[in-house]
There are 2 protein chains.
Amino acid sequence: MPVGTQGTVKAVPQDTLEALGAQIILGNTYHLYLRPGHEAIRRMGGLHKFISWPHALLTDSGGFQVFSLNELRKVSDDGVRFRSHLDGSSHSFTPEHSVEVQIALGADISMAFDECTEYPADRPRAEESLRLTMAWARRSLDYFRAHRHLVPWSDPKGCCMQCFGIVQGGMYTDLRRQCAERLVEMDFDGYAIGGLSVGEPRELTLDMIAETLPLLPKDKPRYVMGVGYPDEIEQYARMGVDMMDCVLPTRAARHGLLFTSEGRLNIKNKQYAEDQGPPDPLCDCPVCRRYSRAYLRHLMQAGEALSGTLNSIHNLAFYLGIMKRVRASLHETSHSATGN
Amino acid sequence: MPVGTQGTVKAVPQDTLEALGAQIILGNTYHLYLRPGHEAIRRMGGLHKFISWPHALLTDSGGFQVFSLNELRKVSDDGVRFRSHLDGSSHSFTPEHSVEVQIALGADISMAFDECTEYPADRPRAEESLRLTMAWARRSLDYFRAHRHLVPWSDPKGCCMQCFGIVQGGMYTDLRRQCAERLVEMDFDGYAIGGLSVGEPRELTLDMIAETLPLLPKDKPRYVMGVGYPDEIEQYARMGVDMMDCVLPTRAARHGLLFTSEGRLNIKNKQYAEDQGPPDPLCDCPVCRRYSRAYLRHLMQAGEALSGTLNSIHNLAFYLGIMKRVRASLHETSHSATGN
């Protein structure tokens, strides 16, 4: 899922995302709550309409962003008080309020309000954090079920907004297990594994996913939050992960880092100054079909806005291409299995 | 002509320009000479290929930019010494060198090296400036004719690069006349009226165009440089001007100023915060078809890159739409005239 923090996948127009085959994008509740405000978005018919994205949307709970505001936040059992990074104004998110904001935004998928446990966290800290996440999951889901009908749209096909729970537990597999079991009992519409890609070594990320994934129902979406590099997302998808989101393809693009079939390419490097080849010779995206490495390097050197746009389009095409190939190969495997 | 200073019409991808019906864009010789360098562009087959724009291209002579570097330049009969705004390095443009650089860039249309007379300029100053411009026009054209075969492309249709002369003369109609007559004798491929839109009142701009235009051959392109607002370009086109360029539609767009059938609209204004109408209700551009004023305002407020892109697309569509309507109405008039 490309990340559209403020209601836009940075530097990429919506029709381009459609042409790339993006099926779902993510919006950040914290950012949209502060600007333009969830009530304004509700009045305008919800986020789909506001940003003109008539496809699937997911909003996070705001928790991750709020917890990133290290010095501006205060956590209690009730929720989190924090100051806006925009103007220092004081706000609070409780599980109920986070879900209320998400219902106003009206994405297709909302996330339970959780505490993203930092890394490293010792056992008592991870246990305490998990206690909050589980209590907040219950409160999020109760509020969601009582208020989901207030979503600012109605789907002619009768679909309605969903709510996913988030498994935390730091890097302790028994805490992860305990959390997964409790959330599954609550019967969410889907399950996410959160608190990963927060600075831990990659083997640990993999361990946590491998331990947690089998505890989550296969017939509901299983979502690993905030990952990852191209090889990681392929690996996790093959393990059974259905959804992932990451700012990496677009953020790296804006810094000139392109992901290609030949590995990572820093387009700023002087070696590309007169390289007339496409960014990725095996890529069929609109950028690789039309522009050279030399031109992309020039745009970057010249500080041109088109640089971020073209680099992002390529990286998103590369990421979406990986998922497309994985889906095709899983489909094939499942057909072969049926054939046996 | 949308302006693509550094080999890109800021924030707008080439395929979007094509979809908008842009037939020709402008590149700035000064900027491209400094970065990535005209020799690099020549080695890569010229500007069309480098920026992937297989349509018409025009390069200015670099004169206007160099003369804008007030404190960094020194003018002599031979040419101009200047310091790069990028790194302070020392360079010089003579008429021959400007044309040499333009031939290396290989646009379809190059411009003679001229001195853009500042406003206000008293008569002695305007005369002296004009003396330079006319001497440089001769030298530009001689160098161009002797070296045009070095352009880094060949057109299967046998077209070759053209060179336009630039009429200067400050705000003195007799000087304008004198310059126009001399340039026409030299037999350029087309003629520009320069040194306008440099701070003078609009009536003066109009006077200079009205006085100069009849002196330039109707069967060659007549180009007014650096104009203007939507009503100006329509007015000048109806007077017989064939070509105009201006950064206004794209620069204004990046600052949130949209040109619409209802007048100018500052998309940053609070009144648009929840305005779900299109930027321009009478516009059929991809931005007006898909996005609301509220969304464009949000992108601007949030400092999102997509803001510059979408605003620029609309403003370019608006400008190109004016020219399209003027062309259609002139076509009709000329058909009626034939009918009489």
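Worth a mention:
- Against the main long axis of the alpha-carbon atoms of chain B, helix B:123-147 sits at an angle near 80°.
- Pairs from A:Lys10/B:Lys10; A:Lys74/A:Lys220; A:Lys49/A:Lys218; A:Lys10/A:Lys49 whose Cα-Cα separation, in the structure shown, is over 26 Å: A:Lys74/A:Lys220; A:Lys49/A:Lys218
- Restriction of the trypsin sites (Lys or Arg not before Pro) in the range B:119-220 to DSSP coil positions whose beta-carbon has at most 14 other beta-carbons within 10 angstrom yields B:Lys157, B:Lys218.
- The 3J(HN,Hα) values that the Karplus relation (6.51, -1.76, 1.60; θ = phi - 60°) gives for the range B:64-80 are, in residue order, 4, 5, 4, 6, 7, 7, 2, 8, 10, 10, 9, 9, 9, 4, 6, x, 10 Hz. Gly and Pro appear as x.
- At least 40 Å² accessible surface lost relative to isolated chain, residues of the range A:259-295 (1.4 Å probe): A:Glu274, A:Gln276, A:Arg290, A:Tyr291, A:Tyr295
- Reach of A:Lys268 by Cα under 14 Å, taken over aspartates and glutamates that are not fewer than 8 positions away in the same chain: A:Glu304
- With an a/c value of 1.5 or above and a/b larger than b/c for the gyration tensor axes a ≥ b ≥ c computed over the alpha-carbon atoms, chain B is described as prolate.
- Accessible carbon and sulfur surface of the range A:180-224 relative to its total accessible area, %, 1.4 Å: 46
- Accessible solvent surface per residue of the range B:171-251, calculated while the other protein chains remain in place, 1.4 angstrom probe, Å²: 42
- Compared with the dominant principal axis of the Cα atoms in chain B, helix B:95-105 is inclined by about 50°.
- Comparing B:Leu69, B:Leu216, B:Leu58 in a Gaussian network model of chain B (Cα springs below 10 Å), the most mobile by mean-square fluctuation is B:Leu69.
- Shape call, the range A:45-195: gyration tensor on alpha carbons, a/c limit 1.5: oblate
- Selected from B:Gly263, B:Gly170, B:Gly46 as most flexible by GNM, with chain B as the system and alpha-carbon contacts under 10 Å: B:Gly263
The values are calculated or read from the model by the stated rules, or taken from the named source; none is laboratory data. Here the structure is a predicted model, which is why all the values come from computation and not from measurement. Positions of Cβ are generated from backbone atoms using ideal geometry, with glycine treated the same way; all protein chains shown enter the neighbour counts. Keep in mind that these areas ignore ligands, DNA and RNA; they rest on the heavy atoms of the full protein, side chains included. Shrake-Rupley method; radii C 1.70, N 1.55, O 1.52, S 1.80 Å.
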